[in-house]
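Undergrad: Can you read through this structure? Questions will come right after.
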Amino acid sequence: MKTNLNYVIRPALLKDAEQIFNLIRKHSDELIVKPIGEIVSNIDRFMVCEVEDKIRGCAAWDIIPEIGAPENASVEIQSVAVDSELRGNEAGTKLVRTIIATVKRFDPAQAIVLTFAPEFFKKLGFREVPKTSVMHKLYMGCINCTKHANPYTCPEIAMTLDLRSYTKPAKTQS
Ligand SMILES: CC(C)(COP(=O)(O)OP(=O)(O)OC[C@H]1O[C@@H](n2cnc3c(N)ncnc32)[C@H](O)[C@@H]1OP(=O)(O)O)[C@@H](O)C(=O)NCCC(=O)NCCS
């Protein structure tokens with residue numbers, strides 16, 4: 001629902017770590033919960049959405065190497081969440097786009113996401129791919145998942161975005 005709340009998308013600060021932790025935990029059905037120590041250690045890989053000094057959205061990224069071809073590493077988009085009261089105001093879109101703009105400077109081949117919100121990522125230009133095409137992600141993350149025994153039967157959808165030909169979709173330029 002559109003709201004009149006003004007928000008700012010910005011890189012996370014250490015002081016945001018606890019609020020990020022709580023926001024991710026609030027969305028534990030859709031996201032992998034991260035320990036606060038991991039959030040603190042990787043705080044430079046988080047973007048947040050702030051409304052009146054409160055963290056109402058977050059998104060993070062990680063690098064997934066491509067064995068034998070370091071130049072073709074992927075970036076995984078993780079921990080994308082926006083508080084329910086703020087949804088529908090493009091905060092999610094802007095969080096992901098800000099991450100893409102941030103990682104583009106080191107020229108990764110593609111962005112990867114495993115998600116329960118494929119329509120949201122489709123609007124950002126991602127397309128669904130078979131999980132077998134992102135085996136490196138499955139080995140780095142899914143293999144340690146405590147929610148599902150088998151990544152092939154896990155209900156999350158694998159999606160990718162080619163970052164080398166990426167330009168922002170025309171509809172919601174920001
Ligand atoms: C997914 C999520 C981050 C989207 O945040 P948001 O700020 O509402 O997203 P936006 O306002 O930028 O939405 C952009 C578009 O995607 C659509 N969209 C957003 N979330 C959607 C969802 N879960 N399913 C389908 N479409 C969705 C919006 O309707 C909007 O479409 P429009 O451009 O035609 O109006 C938010 O719904 C959320 O936190 N969900 C729970 C956690 C989650 O599922 N995270 C993703 C897992 S990786």
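Undergrad: Quick one: angle between helix 17-26 and the longest Cα principal axis of the chain, in degrees between 0 and 90, rounded to 10, please.
TA: Roughly 70 degrees between the two axes.
Undergrad: Quick one: of the DSSP bridges fully inside the chain, what percent are antiparallel, nearest 5?
TA: Expressed as a percentage, antiparallel bridges in the chain total about 90.
Undergrad: Given a 10 angstrom Cα cut-off, can you work out which residue in N89, N22, N144 is the most mobile in a GNM of the chain?
TA: N144
Undergrad: Cut-off 10 angstrom, C-alpha nodes, Gaussian network model of the chain. Which of A101, A69, A111 fluctuates the most?
TA: A69
Undergrad: Could you calculate the contour length gain from A149 to F116, that is, 0.36 nm times the residue separation minus the distance between their Cα atoms, to one decimal place in nm?
TA: The span from A149 to F116 would gain 10.2 nm if fully extended.
Undergrad: Mean residue ellipticity at 222 nm from the helices of the chain, using -39,500 (n - 2.57) per DSSP H segment of n ≥ 4 over the full residue count, to the nearest 500 deg cm²/dmol?
TA: My calculation for the chain gives -6500 deg cm²/dmol from helical runs alone.
Undergrad: Run the simple label-point estimate for K104 and L14 please: 7 Å along Cα→C-beta, distance reported in nm.
TA: 3.2 nm
Undergrad: Determine ³J(HN,Hα), in whole Hz, for all residues of segment 29-40 in sequence, where each value follows from phi through the Karplus function 6.51 cos²θ - 1.76 cosθ + 1.60 and θ = phi - 60°; x replaces Gly and Pro.
TA: Once θ is set to phi - 60°, the couplings for segment 29-40 become 6, 9, 10, 7, 5, 10, x, 4, x, 5, 5, 5 Hz.
Undergrad: Report the residue, chosen from H27, H148, H136, that carries the largest GNM mean-square fluctuation when the chain is represented by alpha-carbon nodes joined by springs under 10 Å.
TA: Per the Cα network of the chain with a 10 Å cutoff, H148 tops the list.
Undergrad: Tell me, what HN-Hα J-couplings in whole Hz come from the Karplus equation 6.51 cos²θ - 1.76 cosθ + 1.60 at θ = phi - 60° for each residue of segment 152-158, using x for Gly and Pro?
TA: Rounded to whole hertz, the list is 6, 9, 5, x, 5, 9, 8.
Undergrad: Something else about it: Using θ = phi - 60° and the Karplus relation 6.51 cos²θ - 1.76 cosθ + 1.60, list the HN-Hα couplings for segment 66-80 in order, rounded to whole Hz, with x at every Gly or Pro.
TA: Karplus-based 3J(HN,Hα) across segment 66-80 equals 9, 4, x, 9, x, 5, 9, 4, 9, 10, 9, 8, 10, 6, 7 Hz.
Undergrad: If you average the C-alpha positions of segment 57-105 and of segment 109-163 separately, how far apart do those two centres end up, in angstrom?
TA: Cα centres, segment 57-105 to segment 109-163: 13 Å.
Undergrad: Then there's this: Can you give the FRET efficiency for N72 and R25, using 1/(1 + (r/R0)^6), R0 = 35 Å, r = Cβ-Cβ distance, to the nearest 0.05?
TA: Calculated value: 0.55.
Undergrad: Near K34, which lysines are there with a Cα under 26 Å away, not counting those fewer than 8 places off in the same chain?
TA: K15, K26, K54, K94, K104, K122, K131, K137, K147
Undergrad: Also, quick follow-up: Tilt of helix 91-103 relative to the longest C-alpha principal axis of the chain, in degrees (0 to 90, nearest 10)?
TA: So the helix axis and the longest Cα principal axis differ by about 50 degrees.
Undergrad: Scan segment 18-66 for GluC sites (Glu not before Pro) in coil per DSSP, keeping those whose Cβ has at most 16 other Cβ atoms within 10 Å, and list them by number.
TA: Here the GluC sites (Glu not before Pro) that fit, given the DSSP loop and packing criteria, are E30, E52, E66.
Undergrad: Between V40 and K123, with labels modelled 7 Å along Cα→Cβ, what's the label distance in nm to one decimal, could you check?
TA: Distance between label points: 3.6 nm.
No lab work stands behind these numbers, since they all come straight from the coordinates. Here the structure is a predicted model, which means the values were calculated and not measured. Positions of Cβ are backbone-derived with ideal geometry, glycine not excepted, and every protein chain shown enters the neighbour counts.
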